[in-house]
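Read the figures in this text as sums done on the coordinates, not as results from a lab. All of these numbers come straight from a predicted model, not from anything done at the bench. Neighbour counts run over all protein chains shown; Cβ positions are idealised from the backbone, glycine included.
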């Protein structure tokens, strides 16, 4: 049994992380400002004697230093979430990502507490050589296109984590997450799968941005959480960067069609130009596919793929929101 601090622990991925940690007997400290997370994601654990929650921004939490010093590990998941949220507030997104990461690493430094830093597939930017490999050069788009500000901020978080490892001896593991999805994820900030499910269940048009032929690889949140915990337990992972996700592609148009079929919806599929959905000049990745070889060499990671099961879990959650760990 361990003591683990989870930043962003009331969010989508964070709440599933809390489920897993409490289930294995750990004591869990959670810091979350509830900007995109929600207490309802942890409602089934409220009152648990091994769960402690501080609703505050990570960088201004009065408990961050003490909880970091008491923790055996820190899982840093707090970040700006979603393309739509980023496009509507570039300054806040950049500041949130950088300031929270700096605060966590600084708090971890005195005792050299191990830290997992959640990065993003966004750091690969405008690269068009797939699958993406951890050691390849990053290719972020033009600074005149605000779309890439999030990618730059997450890349800087990676550099900052590696600097703390080199200069302050903080053990760090960096995970680049690829389209994690599942129950409790909201479409409010541009997450495509829960957005499509909500539209289909309401009978609204399913809005496919662009021509719908861009591809993504969707991973079950529970498998992602398990991968993170395995990496934190592996001596071979320290100081390394890992892609985490699924390697099976689907077009966004194909995703919409599968969701419409599984919900038995009559919703029409409607293509919406990027400049209408966001703003003129918006750029996007055409393909986003991870190379998982390094991850699979390091831990017992089997990139199982059952997209229909993931979609069905999201459908069930939206029809009957779960208030307990997903089984």
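Quick look at the numbers
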item: For the stretch 258-327: Kirkwood Rh in Å [reciprocal of mean 1/r, alpha carbons]; result: 16.3
item: Highest-fluctuation residue, 115, 270, 197 considered, GNM on the chain with Cα pairs under 10 Å; result: 270
item: Global geometry of the stretch 153-306, whether rounded, prolate or oblate, following the gyration tensor of its Cα atoms and the 1.5 cut on a/c; result: prolate
item: Relative contact order (%) - criterion: Cα under 8 Å, at least six apart; region: the stretch 181-225; result: 37
item: Rg(Cα) / (2.2 N^0.38 Å) computed for the stretch 1-47, rounded to two decimals; result: 1.02
item: Antiparallel content of DSSP bridges confined to the chain, in %, to 5; result: 5
item: Pairwise centroid distance, computed over Cα atoms, of the stretch 177-230 with the stretch 125-175, Å; result: 22
item: Semi-axis lengths (Å, descending) of the ellipsoid that matches the C-alpha gyration tensor of the stretch 1-157; result: 29, 16, 15
item: Rounded if a/c under 1.5, otherwise prolate or oblate - the stretch 147-186, Cα gyration tensor axes; result: oblate
item: Value of relative contact order over the stretch 1-82, rounded to a whole percent, pairs C-alpha under 8 Å and six or more apart; result: 40
item: Per-residue [θ]222 nm for the chain (sum of -39500 (n - 2.57) over DSSP H runs n ≥ 4, rounded to 500); result: -11500 deg cm²/dmol
item: Diffusion coefficient, µm² s⁻¹, Stokes-Einstein with Kirkwood Rh over alpha-carbon pairs of the stretch 14-107 at 25 °C and 0.890 mPa s; result: 174
item: Globularity ratio of the chain, using Cα Rg and 2.2 N^0.38 Å; result: 0.95
item: Volume per residue of the C-alpha convex hull in the stretch 221-263, rounded to whole Å³; result: 81
item: Residue with peak Gaussian network fluctuation, the chain [Cα springs, cutoff 10 Å], from 269, 295, 231; result: 269
item: Theoretical FRET efficiency, 1/(1+(r/R0)^6), r = Cβ-Cβ of residue 99 and residue 284, R0 30 Å, to 0.05; result: 0.65
item: Gaussian network model of the chain, springs between alpha carbon atoms under 10 Å - residue of 131, 110, 280 with greatest fluctuation; result: 280
item: Value of relative contact order over the stretch 101-238, rounded to a whole percent, pairs C-alpha under 8 Å and six or more apart; result: 27
item: Tensor-based shape of the stretch 273-314 (alpha-carbon gyration tensor, a/c under 1.5 rounded, otherwise prolate or oblate); result: oblate
